[in-house]
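Before any comments, here is the structure.
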Amino acid sequence: MDDSELERYARHILLPEIGGAGQARIRKARVLVVGAGGLGSPCLLYLAAAGVGTIGIVDDDTVDLSNLQRQVAHTTARIGMAKADSARETITALNPSVAVEVHRVRLDAANARELIAGYDIVADGSDNFSTRFVVNDTCYFLKKTLVSAAILRFDGQLSTFKAHLGGTNPCYRCVFPEPPPPDAVPTCAEVGVLGAMCGMLGSLQAAEVIKEITSAGESMSGRLLIVDGLRTEFRMVKVRPDPACALCGEKATIREPMPA
Ligand code: ZN
């Protein structure tokens with residue numbers, strides 16, 4: 001590390017759990033962030049600030065005025081711009097040493113393998129179950145760690161999945177076996193979401209990614225965090241691998257990433 005890197009990351013290097021060695025691992029890491037929206041924005045900002053060497057951004061949407069109440073990687077001047085490009089501008093301004101790879105596509109069963117294969121860790125902040133299941137299945141097949149967050153109204157959830165390691169590590173499908181029927185779960189566009197809740201969950205997601213890269217502390221694999229923002233309560237639930245899981249169970253039936 002040169003002098004400017006030592007200064008930029010001084011507060012990380014001071015942490016015994018990270019130190020110079022951890023900071024070097026962060027610089028070598030390749031992280032894919034799915035969605036440059038409410039969760040992806042804060043997650044991307046903190047990953048870039050932390051000096052993650054290569055950050056991939058998957059998003060096929062453009063910046064809309066109604067996004068700016070929570071999607072802090074974008075600006076009013078960039079309404080109409082592709083979110084992936086807007087996020088890249090923000091990241092590069094914050095930390096020019098981060099290599100940003102922009103994927104202006106919607107991640108689906110057809111392109112997931114190609115998108116995810118080039119990264120070490122995936123942070124999923126997508127806004128629909130179809131994408132979440134495809135990301136989970138693909139990460140399992142490609143043996144990638146997945147840090148997954150979800151948010152609605154004042155509620156949030158966060159966990160880490162690495163079922164490919166076996167043992168006590170579940171996958172997303174072990175916890176949520178079936179996607180809910182269409183229209184059973186409302187979207188943020190229908191029922192709203194508090195902007196700062198996105199900031200909270202997206203920041204937690206970035207922290208878990210950094211922990212996975214550096215092996216600092218305890219992984220969230222096997223634990224699901226449930227955040228009740230209205231009561232300001234954080235509840236941790238144990239989650240276990242499901243032997244009947246269609247993806248990682250004993251009689252798994254899924255052989256390819258499946259659209260939900
Ligand atoms: Zn499973």
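At-a-glance table
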| quantity | calculated |
| --- | --- |
| For GLY202: the one exception among (1) in contact with a strand residue (DSSP E or B) (Cβ under 6 Å, 6 or more places away or on another chain); (2) under 27 Å from ARG231 (Cβ atoms); (3) surrounded by 23 or more Cβ atoms within 10 Å (Cβ to Cβ) | (1) |
| Region 1-52, residues that are within 23 Å of ALA112 (Cα to Cα), touching a residue at least 60 places away in the same chain (Cβ under 8 Å) and among the charged types (D, E, K, R) | ARG30 |
| Tally, over region 107-133, of residues that are open to solvent by 30 Å² or more (accessible area, probe 1.4 Å), touching a helix residue (DSSP H, G or I) at 6+ places or on another chain (Cβ under 7 Å) and not hydrophobic (A, V, I, L, M, F, W, C) | 3 |
| Restricting region 165-194 to residues that are hydrophobic (A, V, I, L, M, F, W, C) and within 16 Å of the ligand (Cβ to nearest atom), the residue that is most open to solvent (accessible area, probe 1.4 Å) | LEU165 |
| Test: ALA216 is farther than 30 Å from SER66 by Cβ, small (Gly, Ala, Ser) and away from the ligand (no atom under 16 Å from the Cβ) | yes |
| Filter result (open to solvent by less than 20 Å² (accessible area, probe 1.4 Å), in contact with a Ser or Thr (Cβ under 9 Å, 6 or more places away or on another chain), outside any helix (DSSP H, G or I) and within 23 Å of ARG8 (Cβ to Cβ)) within region 37-92 | GLY51, GLY53, ALA73 |
| Set THR214, THR187, THR168: member being within 18 Å of GLY35 (Cα to Cα) and either at pLDDT below 95 or touching a Lys or Arg at 6+ places or on another chain (Cβ under 9 Å) (or both) | THR187 |
| First in region 213-226 and touching a residue at least 24 places away in the same chain (Cβ under 8 Å) and β-branched (Val, Ile, Thr), second anywhere and surrounded by fewer than 21 Cβ atoms within 10 Å (Cβ to Cβ) and part of a loop (DSSP other than H, G, I, E, B), Cβ under 8 Å, 6 or more apart | ILE213/ASP120; THR214/GLU17 |
| Contacts under 9 angstrom Cβ, first residue in region 144-159 being under 25 Å from TYR119 (Cα atoms), partner acidic (Asp, Glu) and modelled with pLDDT under 95, 6 or more apart | ALA150/ASP127; ILE151/ASP127 |
| Checking MET197 against (1) in contact with a Leu (Cβ under 8 Å, 6 or more places away or on another chain); (2) open to solvent by less than 40 Å² (accessible area, probe 1.4 Å), the condition it does not meet | (1) |
| Counted residues, region 227-243 - those being within 16 Å of the ligand (Cβ to nearest atom) and touching a residue at least 24 places away in the same chain (Cβ under 8 Å) | 4 |
| Condition met for ARG104 (farther than 26 Å from VAL227 by Cα, in contact (Cβ under 8 Å) with a residue 60 or more places away in the chain and surrounded by fewer than 16 Cβ atoms within 10 Å (Cβ to Cβ)) | no |
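The values are calculated or read from the model by the stated rules, or taken from the named source; none is laboratory data. As the structure is a prediction and not an experimental result, all values here were calculated from the model. Because the Cβ atoms are built from the backbone with ideal geometry, glycine has one as well, and the counts that use them run over all protein chains shown. For accessibility, only protein heavy atoms count, side chains too; no ligands or nucleic acids. Shrake-Rupley method; radii C 1.70, N 1.55, O 1.52, S 1.80 Å.
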